[in-house]
1. Compute the length gained on full extension between THR85 and VAL42: take 0.36 nm times their separation in residues and subtract their Cα-Cα distance, giving the result in nm to one decimal.
2. With only Lys, Arg, Asp and Glu charged, each at its Cβ (+1 for the first two, -1 for the last two), find how big the charge dipole of the chain is about the Cα centre; round to the nearest 20 debye.
3. For segment 27-74, just the Cα set please: Rg and Dmax, both in angstrom.
4. Among GLU103, GLU88, GLU21, rank each residue by its count of other Cβ atoms within 10 Å, from fewest to most, as a rough exposure measure.
5. Need the full-extension length gain, LEU141 to ALA167, defined as separation in residues times 0.36 nm minus the C-alpha distance. One decimal, nm.
6. By how many nm would the segment from LEU110 to ALA24 lengthen if fully extended, with 0.36 nm per residue of separation less the alpha-carbon distance?
7. Please get the size of the charge dipole for segment 5-103, origin at its Cα centre, with Cβ charges of +1 on Lys and Arg and -1 on Asp and Glu, quoted in debye to the nearest 20.
8. Where does the chain land at 222 nm, in deg cm²/dmol rounded to the nearest 500, when only DSSP H runs of n ≥ 4 count, each adding -39500 (n - 2.57), divided by all residues?
Amino acid sequence: MGWATIPAMAHEPRLTTLLREMLAAHRVAALATVDADGAPAVSMVPFAVDPQQRCLVIHISALAPHTAQLQREPRAALLVAQGETAGEPVHALPRVSVQALAETAQGEALASARAAYLARFPEAEPMTALPDFRFVCLRPLSGRQIVGFGAARTLDADTLRAALGPAA
């Protein structure tokens, strides 16, 4: 009798697991865009993770400056950071910055983005009926993850997409 073949279980690196947990625990991020004059602009946005598309999703109004900025220049960055704790050093706060390409969700991507966003923010459902709002997928290009003092890594698009997909 031979040995039974045991399927290999996927192993997710510890830092990728921490990245996945951070994105699940935090619901608001700083969105960096470029204004019409080429100056940087930052705004706060609620975000969701769409594991089907392996992207981040925001729901934004045409009235917001960042919407026009993303239409003019779709490259953007998103920063998700752990909040400060009184008495603790701030230099080692866990955080991730993601450089991404913004795309207005359409077709199947729209259905997936909407479902992911409303799963996280069910109270936002009435806003989805407003004509000036749209779902935007932030497709990761690269990033930087800081886990603590001296614990950091550069993230490529594949690593980010893995962290945004279903858990391993």
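Quick note: the coordinates plus some simple rules give every number you see, no bench work behind them. Please read all numbers here as calculations on a predicted model, not as lab measurements. Ideal geometry is used to build each Cβ from the backbone, glycine not excepted, and the neighbour counts take in all protein chains shown.
1. Numbers: separation 43, 0.36 × 43 = 15.48 nm, distance 2.32 nm.
Stretched out fully, the THR85 to VAL42 stretch lengthens by 13.2 nm.
2. On the way: 14 positive and 15 negative charges, 63 e Å.
Taking the Cα centre of the chain as origin, the dipole is about 300 debye.
3. 11.4, 36
4. Values: GLU103 17, GLU88 9, GLU21 13.
In order of increasing Cβ crowding within 10 Å: GLU88, GLU21, GLU103.
5. Numbers: separation 26, 0.36 × 26 = 9.36 nm, distance 2.00 nm.
Extra length available between LEU141 and ALA167 comes to 7.4 nm.
6. Numbers: separation 86, 0.36 × 86 = 30.96 nm, distance 2.07 nm.
Once the chain is fully extended between LEU110 and ALA24, it gains 28.9 nm.
7. Values: 7 positive and 9 negative charges, 41 e Å.
Here the size comes out at about 200 debye.
8. On the way: 4 runs with 42 residues, N = 168.
Calculated mean residue ellipticity at 222 nm is -7500 deg cm²/dmol.
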